[in-house]
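Okay, structure first, notes after.
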Amino acid sequence: MKMLRLRFLPVVLLVLMITAVSTTVLADSDSMIISGFGEEIKITVAEVKELPVIEKTVVSVNSAGNKKEFTITGALLADLLKQYGKSQQNLKAIRLIAGDGYEIDVDQSILQQRDIIIGYLIDGKPIKEKYQPFRVVIPEERAMYWLKNLIKIEVLDLAETVEIDKVYFLETAISEVEQLDYTYYDSVDQAVKVAELIEKLGISTDLRTVRMLASDGLDKDEERDIFAGGYLKISGDYAPMFLSPDLPKGMFVKDLLLFNYGQNAICSLNNMLKTLNQVTVGDITGVNIADLLSQTGLTTAEQYRFKAIDGYAVEVAATELDNGIIYFDQKGRVRTFFANLPKNYSVKYLYLIEAVQ
Amino acid sequence: MCLIRKGLVIIIIFLIAFVVLQVLQIEKIPDYISGLLSPGQQVERLKHYETGQIKEVYLVKGNGNQQGFIQIVNCPGYNGSIEILVKINFPEKKLSEIRLLNHNETPNYGGYIEEGWFLERFVGKKAEQELVLVKLSQQSAEEVVAITGATITSQGVLTGVNQAFENFNNFLLDRL
C-alpha cells in the first residue's frame, strides 16, 4: 500500500509543480442649484429625498437607437418647486445643466404636460458617483432630456421668438466658406465652422439662443455662443449635422432641416426634399416653394425676392409661389422654376429668399 | 527499502527541476502574445523593464534580424482601466500591432475602441515621436484623431501608447 502511494507521488508532485509555475506566470456632489427665482436656491439630495417618492420603470433610447430599461426613483420637480411656492405649470421654460456642460431647454409644452422626475436611485441603487447628484427623467420625452449629473436648473423666460424675414440655402452658402476635414467615427467628412458661415452670410442676432429643427422633428434651442463655436458637418452620415469635438455627443443635432439665427432661417434643401412632398413638373422634381417657405416660417408678404449667390435677383408675387419649385439641377445647383413665369425667373445658385416689405 | 530510495531520488529530481524552472523563470506564454508570433519566433519576458503602467514586456526574437517588443500597458479610460497590447518592430521602430485586451468603456461612447478603425490609426506610427490627440482631422504624422464624443477614452489609449514608446526609446532599445 505504501509502495502504491509512493509510485503516484512523483506524478502528484509534477502536477503541483506545473500548477505552481503556471500561476506565477499568468499572470460638493450632493446638491444642485435652481436659479431664476431671485436668489439661487441650493437643493440637496437629502431635501429631495424628503419629498413624496416616485418610482417609475422607463426605457431610454439613445441617438444610436439602443434601448435600456431601468427604474428611476426620485421626486417630481413639481413637488420640489411647491416647497418654494412655485408651480411647474406656470413656468415658461427651464434649462437643465449637467456637470460636463451639457444643457438642454425644456419648453412650456413639456412643463405643462409631463412629469419631470429628479432621480437619486437607479434600479434601487444610488446613482454612480460621476452622475450624481441627480438624474432627470421625463417619461415619454426623448432621452436627450434625461440628464445625468444634473447640477443646475435655470428658470427661463418664454423662449425667444422672432419673425423670419430671410431664408438662406445652406447648399449654396457653404460654397463660400472654407470646408474642413472632420473625422466622424471611421469616416472623414467635410465640415464648415458655424462662425465662418454666419460671418459670410452677414447675419447677426441679439437673441440668446439659436433654434435648430431636424428632419425627424427634433426642435432644439441652443445657446448662441455654443452654436457659433461649433461646426456643421455637410457630408457623410446625418448631414447637415451640428456638432463639435468640444461638446458632449448629446448636444449634436443630426439631419438638420434648418436653423434660425435671429430673423434668418438657414435651410437644407437636401433635407427639405426628404421631408416635404416632392412635386414634378415636366422633368423637374423638387419641393413646392410655398410649402418650403411655410416650413421655414418666412413672414408673409406680397412680393418675395429670390437672389442668386452672384447677386442676380428677381421679385416674385406671393400668388406665384404655389406654382414654383426649388430643386437641384443636373449640375447640383439650387435652382427655381416657375410654371407661369418667364425663363429669367429660373434663378441658379439660389442663395436666399426674402420677404419684400 | 530499494523502492523507497528510488522514490526519494525521483522526488529530489523533481524538486531540483522545480527550483531550476523557478530560477530560469521559464514561463508559459499567454495566448495574446503567442498569437502574434510567426513561425520560428520566440519571446523572452523582460520583467526588469516592466514599470508603472507597463505591466508586461516581451522581447521578440527569431526570423533573422526581425525583432521587436511587445508591451502590455494599462491606460486610464473613462470607466476604469483599459488594457492594450503594443508591438513595436525593430529595426523599423514603428508600431506594428495594437490590440485591445480589456476595457469597461460605455457602449456608444468609448466602447467604439472595440471597432478596429480607431486602433488602426496608431498602426505605422514611429516610436520616436510622441503622439498627439486631435479632434477634427489628422494634419501630421504624429497626430491621432479621437473617437467622436469619446475624448477621454481616446486620450487614455494614446497615453498608453506613448508610455510604450517611451519605454522602448529610453530602455528597451539598449537591450538589443
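On the basis of being surrounded by fewer than 14 Cβ atoms within 10 Å (Cβ to Cβ), more than 30 Å from B:Glu105 (Cα to Cα) and outside the structural domain of A:Asp219 (by TED's automatic domain parsing), does A:Lys86 make the cut? Spelling it out, it is not the case that A:Lys86 is surrounded by fewer than 14 Cβ atoms within 10 Å (Cβ to Cβ), more than 30 Å from B:Glu105 (Cα to Cα) and outside the structural domain of A:Asp219 (by TED's automatic domain parsing). Candidates are the residues of region B:50-95 that are in contact with a Leu (Cβ under 9 Å, 6 or more places away or on another chain) and among the small types (Gly, Ala, Ser); the one that is surrounded by the most Cβ atoms within 10 Å (Cβ to Cβ) is B:Gly68.
Consider A:Gly297 carefully, then state whether it is in the same structural domain as A:Ser175 (by TED's automatic domain parsing), more than 31 Å from the chain's Cα centre (by Cα) and under 20 Å from A:Thr172 (Cβ atoms). No: the conditions fail for A:Gly297.
Rundown of residues vs (1) over 30 Å from A:Tyr349 (Cα atoms); (2) of a type in the set (A, V, I, L, M, F, W, C), yes/no style:
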residue	(1), (2)
A:Ile116	yes, yes
A:Tyr131	yes, no
A:Val136	yes, yes
A:Ala143	yes, yes
A:Leu147	yes, yes
A:Phe169	no, yes
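The numbered conditions (1) within 14 Å of chain A (Cβ to nearest Cβ); (2) at pLDDT 90 or above are all true for B:Gly52 except (1). Checking each residue in region B:97-118 for being buried (at least 16 other Cβ atoms within 10 Å of the Cβ) and assigned to a strand (DSSP E or B) picks out B:Ile98, B:Arg99, B:Leu100.
Across region A:131-180, what is the number of residues that are part of a strand (DSSP E or B), of a type in the set (A, V, I, L, M) and closer than 30 Å to A:Gly38 by Cβ? The qualifying residues number 7.
When we screen A:Val287, A:Val314 for residues that are under 23 Å from A:Leu213 (Cα atoms) and touching a strand residue (DSSP E or B) at 6+ places or on another chain (Cβ under 8 Å), the only hit is A:Val287. Each residue in region A:185-213 was checked for being within 14 Å of chain B (Cβ to nearest Cβ), hydrophobic (A, V, I, L, M, F, W, C) and surrounded by fewer than 20 Cβ atoms within 10 Å (Cβ to Cβ), and 1 pass.
Just to be sure, is A:Ser60 within 14 Å of chain B (Cβ to nearest Cβ) and among the small types (Gly, Ala, Ser)? Against the criterion (within 14 Å of chain B (Cβ to nearest Cβ) and among the small types (Gly, Ala, Ser)), A:Ser60 qualifies.
Residue-level check: of (1) surrounded by 16 or more Cβ atoms within 10 Å (Cβ to Cβ); (2) modelled with pLDDT under 95, A:Tyr168 misses just (2).
Are any of the residues in region B:155-172 within 14 Å of chain A (Cβ to nearest Cβ) and not charged (D, E, K, R)? So far as region B:155-172 goes, yes, one or more of its residues are within 14 Å of chain A (Cβ to nearest Cβ) and not charged (D, E, K, R).
The values are calculated or read from the model by the stated rules, or taken from the named source; none is laboratory data. Every value quoted in this text rests on a predicted model; they were computed, and no experiment measured them. Glycine also receives a Cβ, built like all others from the backbone with ideal geometry; neighbour counts cover every protein chain displayed.
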